[in-house]
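Asker: Can you keep this structure in mind? I'll have questions shortly.
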Amino acid sequence: MYTEAWEAEWERVLWQKKPYPDNYVPRSFLASLSKNPNFRPYTYWHLVILSCPISQHLASIFVFLAVFMRLQQRLLDPRVLVWISVGVFMAGYLAWELLECSRADSQTRYTNRAKTLKASILVFLALMSLSPVLKTLTAATSSDSIWALSACLFILNALLADYTPMNPRSHQRERLTSVLSMNAAISSSVVLASRLSDDLSVFGLILFSVQSFALFPILRRRIQDTAKVLQVALTVLISTLSLALTYPLSNTAAYIYFACFTFVTFIAPAVLVWAQRYKNEIRGTWDPAVPKVNRRFSFSR
């Protein structure tokens, strides 16, 4: 009875004199113990869907490398590549308009179309005028250094890319990592284009790289906010295209891409689902207090 009276008046303070030692532990110390309070178990197929943007990005890198090899070996006419790039741009912009038609008014869409047309013409003319300069940019650099630099930049591009979905209702700025990722990919494309033989090939490859690493990630993030079927279909399409373009050039490169695709899309989610059973996070009254912020109030400001 005397011990219960002690515990009834026990408080976790040291400045007040108490009839029990400083290292006293009451019986109710572990009453508020909780394990994994915010734990949400993952499901395998949900993680597979979430890994689709990474698979799409890796596929776009291998598609670009396959196009570069065909231009370097003169297996692809650069004029065909330019027309393909224009057609892909029109198809992507049409898809963007279909996704935005139900979310923006007519005046906003008209303004965005004018800005897009103006930016497209400026980029087209700038790349056309800079192609002779870019062709001789790395003339004094050995090819081995170019291949190593390009590989490092593409790895940096894949690591820093933004794979989160784009919320069309929020007007958030691009993350610094996504900007660095795009700059790394464009820089790698420029040093690879400098190894081509004519100005038209350089122009076609840089134009294709702008679409692959600057415009396609925006459309990819926008598609992530739509139906999952469309996202899966885009992943299958780009992955199949990557294998079809890579395999005739190099069996080793095709096997490397297939291994990366299999690991990212199927093996890594399975490993995460298996590892979450060992998650053991303990929370109690001894932890620092976590403030509860009114999210609706904070977004409305």
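Asker: If I model a spin label as a point 7 Å beyond the Cα along the Cα-Cβ vector, how far apart are those points for L159 and K35 in nm?
Answerer: Between L159 and K35, the simple spin-label model gives 3.6 nm.
Asker: With N set to the residue count of the stretch 172-242, report its C-alpha Rg divided by 2.2 N^0.38 Å to two decimal places. Walk me through the numbers before you get to the answer.
Answerer: Values: Rg = 14.6 Å, N = 71, 2.2 N^0.38 = 11.1 Å.
Computed over Cα atoms of the stretch 172-242, the ratio equals 1.32.
Asker: Full extension from H46 to E281: what is 0.36 nm times the residue separation minus their Cα-Cα distance, to one decimal in nm?
Answerer: Numbers: separation 235, 0.36 × 235 = 84.60 nm, distance 2.30 nm.
Fully extending the segment from H46 to E281 adds 82.3 nm.
Asker: Which FRET efficiency, nearest 0.05, do N167 and S142 yield, Cβ-Cβ r, R0 51 Å? Walk me through the intermediate numbers first.
Answerer: Details: r = 46 Å, r/R0 = 0.90.
The formula returns an efficiency of 0.65 here.
Asker: Each label point is 7 Å from the Cα along the Cα-to-Cβ direction; what then is the distance between the points at F266 and V86, in nm?
Answerer: 4.1 nm
Asker: Further question: Please report the net charge: other residues with Cβ closer than 15 Å to the Cβ of A184, K and R +1, D and E -1. List each step's numbers first, then the result.
Answerer: Numbers: positive: R175; negative: D162, E174.
Net charge around A184: -1.
Asker: Share of Cα-Cα pairs in the stretch 62-143 beyond 18 Å, in percent? Don't skip to the answer; put the middle values down first.
Answerer: Details: 2041 of 3321 pairs.
Value for the stretch 62-143: 61 percent of Cα pairs lie more than 18 Å apart.
Asker: Oh, and also: On each of the three principal axes of the Cα atoms of the stretch 212-254, give max minus min coordinate, whole Å, ordered largest first.
Answerer: 35, 23, 11
Asker: Follow-up. Quick one: with all protein chains in place, what share of the accessible area of the stretch 150-261 is carbon or sulfur, to the nearest percent (1.4 Å probe)? Before the final figure, lay out each step's value.
Answerer: Working: 3910 of 5590 Å².
Exposed carbon and sulfur together represent 70 percent of the surface.
Asker: If each residue of separation counts as 0.36 nm, what is the full-extension length gain between A233 and I218 once their alpha-carbon separation is subtracted?
Answerer: On the way: separation 15, 0.36 × 15 = 5.40 nm, distance 1.72 nm.
Additional length available on full extension: 3.7 nm.
Asker: Please list 278-284, 235-241, 86-92 highest first by mean number of surrounding beta-carbon atoms within 10 Å per residue.
Answerer: Working: 278-284: 10.1, 235-241: 16.7, 86-92: 13.4.
My ranking of the peptides, most packed first, is 235-241, 86-92, 278-284.
Asker: Which whole number in µm²/s is D for the stretch 127-213 by Stokes-Einstein, with the Kirkwood Rh taken over Cα pairs at 25 °C and 0.890 mPa s? Please list the in-between numbers first.
Answerer: Details: Rh = 14.0 Å.
Using the Kirkwood radius from Cα pairs, D works out to 175 µm²/s.
Asker: Would you work out which of V191, Q211, L176 lies farthest towards the positive end of the dipole of the stretch 171-221, given +1 charges on the beta-carbon of Lys and Arg and -1 on that of Asp and Glu, about the Cα centre?
Answerer: Going by the Cα projections, it comes out as L176.
The values are calculated or read from the model by the stated rules, or taken from the named source; none is laboratory data. Remember, it's a predicted structure, so these values are computed and weren't measured experimentally. As a convention, Cβ positions derive from the backbone with ideal geometry for all residues, glycine included, and neighbour counts pool all protein chains shown. Surface accessibility is based on the protein's heavy atoms, side chains included, excluding ligands, DNA and RNA. Shrake-Rupley method; radii C 1.70, N 1.55, O 1.52, S 1.80 Å.
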